[in-house]
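Asker: Just dropping this structure here.
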Amino acid sequence: MNIKLEEFQEIIGYKFNNKSLLKQALVHSSYANEKGIGKKGSNERLEFLGDAVLELVSSEFLYDKYKDKSEGELSKLRASFVCEAALNFCSKQIRLGEFVLLGKGEETTGGRERPSIISDCFEALIGAIYLDGGFANAKELILNYVLNDVDNKVFFYDSKTILQEIVQKDSCSTLEYKLLEEAGPDHEKLFSSAVYIDGKMMGKASGHSKKEAEQMAAFKALEKLETISKNFK
């Protein structure tokens with residue numbers, strides 16, 4: 001486990017003074033229960049703290065960046081950056097799923113790919129860094145991996161809404177999502193969806209949920225419509 005912890009610290013660019021905080025941030029409740037260390041030994045309390053730090057940092061960042069947006073618009077924007085799907089997406093930059101400690105049951109049922117587990121762990125990591133190194137270090141992690149490439153991420157996270165608004169400008173146009181395929185065992189389902197505008201397929205994508213697949217399909221449709229930058233990967 002120590003080797004894994006060292007590797008993970010290299011990835012995130014932060015070295016813990018108290019390694020036990022990092023380990024606890026990676027402990028899912030299923031692992032804690034299996035090892036008999038109870039809920040207090042899991043990352044749930046750190047997740048609670050990290051959630052508050054994340055909300056404060058993202059609020060300040062968006063307040064400064066979008067000076068023309070109203071309170072309602074900023075709240076909606078913040079929600080898109082701190083939601084489960086967004087944090088799960090951001091966690092891939094630091095390969096967080098590889099380092100989470102899971103119970104055997106959760107491991108065998110695809111827990112490493114479960115957005116709820118990974119997003120909660122990301123918040124726990126923020127909380128652990130806050131306790132270990134203070135607000136500035138926690139803020140740096142959030143800026144580097146959650147609030148980086150903001151303009152393109154806004155389009156990605158809210159692609160379905162943006163596409164709908166574009167289509168609605170032409171009252172005669174229709175927008176429809178279709179599930180093309182559902183494959184794999186229950187714990188590793190893969191959904192393929194496509195989005196159609198006036199009956200013409202404009203984007204097709206796959207994801208671990210219907211929502212994720214539709215979001216990716218909408219994003220690809222926006223790319224085809226040249227609504228967003230081609231540089232986003």
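The values are calculated or read from the model by the stated rules, or taken from the named source; none is laboratory data. All of these numbers come straight from a predicted model, not from anything done at the bench. Neighbour counts run over all protein chains shown; Cβ positions are idealised from the backbone, glycine included.
Asker: What is the one condition in (1) among the hydroxyl-bearing types (Ser, Thr, Tyr); (2) in a helix (DSSP H, G or I); (3) surrounded by fewer than 20 Cβ atoms within 10 Å (Cβ to Cβ); (4) in contact (Cβ under 8 Å) with a residue 12 or more places away in the chain that SER20 does not satisfy?
Answerer: (4)
Asker: Just for the stretch 132-146: of the residues that are surrounded by fewer than 19 Cβ atoms within 10 Å (Cβ to Cβ) and not small (Gly, Ala, Ser), which one is nearest to ASP64 (Cα to Cα)?
Answerer: Checking each candidate, the answer is LEU143.
Asker: List pairs: first residue in the stretch 71-82 and part of a helix (DSSP H, G or I), second residue at pLDDT 90 or above and β-branched (Val, Ile, Thr) anywhere in the structure, Cβ distance under 9 angstrom, at least six positions apart or on different chains.
Answerer: That search, which allows pairs on different chains as well, returns PHE81/VAL146; VAL82/VAL146.
Asker: Pairs under 8 Å by beta carbon, first residue without any contact (Cβ under 8 Å) to a residue 40 or more places away in the chain and over 18 Å from GLY111 (Cα atoms) in the stretch 29-56, partner assigned to a helix (DSSP H, G or I) and of a type in the set (Lys, Arg), six or more apart or different chains?
Answerer: GLU55/ARG78
Asker: Look through the stretch 178-207, keep the residues that are closer than 23 Å to LYS153 by Cβ and touching an Asp or Glu at 6+ places or on another chain (Cβ under 6 Å), and return whichever of them is modelled with the highest pLDDT.
Answerer: Filtering the stretch 178-207 for residues that are closer than 23 Å to LYS153 by Cβ and touching an Asp or Glu at 6+ places or on another chain (Cβ under 6 Å), the one modelled with the highest pLDDT comes out as SER193.
Asker: Taking the condition of being part of a loop (DSSP other than H, G, I, E, B), surrounded by 13 or more Cβ atoms within 10 Å (Cβ to Cβ) and out of contact with any strand residue (DSSP E or B) (no Cβ under 7 Å at 6 or more places or on another chain), how many residues in the stretch 30-70 meet it?
Answerer: Number satisfying all stated conditions: 4.
Asker: Could you identify the single residue in GLY105, GLY97 that is under 24 Å from GLU6 (Cβ atoms) and not charged (D, E, K, R)?
Answerer: Answer to the selection: GLY97.
Asker: Right, LEU77: within 17 Å of the chain's Cα centre (by Cα), surrounded by 15 or more Cβ atoms within 10 Å (Cβ to Cβ), farther than 15 Å from TYR130 by Cβ and of a type outside the set (Asp, Glu) or not?
Answerer: For LEU77, the condition - within 17 Å of the chain's Cα centre (by Cα), surrounded by 15 or more Cβ atoms within 10 Å (Cβ to Cβ), farther than 15 Å from TYR130 by Cβ and of a type outside the set (Asp, Glu) - is met.
Asker: When the residues of the stretch 103-124 are narrowed to those that are polar (S, T, N, Q) and either in contact with a strand residue (DSSP E or B) (Cβ under 8 Å, 6 or more places away or on another chain) or under 24 Å from VAL53 (Cβ atoms) (or both), which ends up modelled with the lowest pLDDT?
Answerer: Of everything passing the filter in the stretch 103-124, SER116 is modelled with the lowest pLDDT.
Asker: Is it fair to say ASN88 is of a type in the set (S, T, N, Q) and over 22 Å from GLN215 (Cα atoms)?
Answerer: Here the answer is no, as ASN88 does not meet what is asked.
Asker: Taking GLU60, is it among the charged types (D, E, K, R), under 22 Å from ALA86 (Cβ atoms) and without any contact (Cβ under 8 Å) to a residue 12 or more places away in the chain?
Answerer: yes
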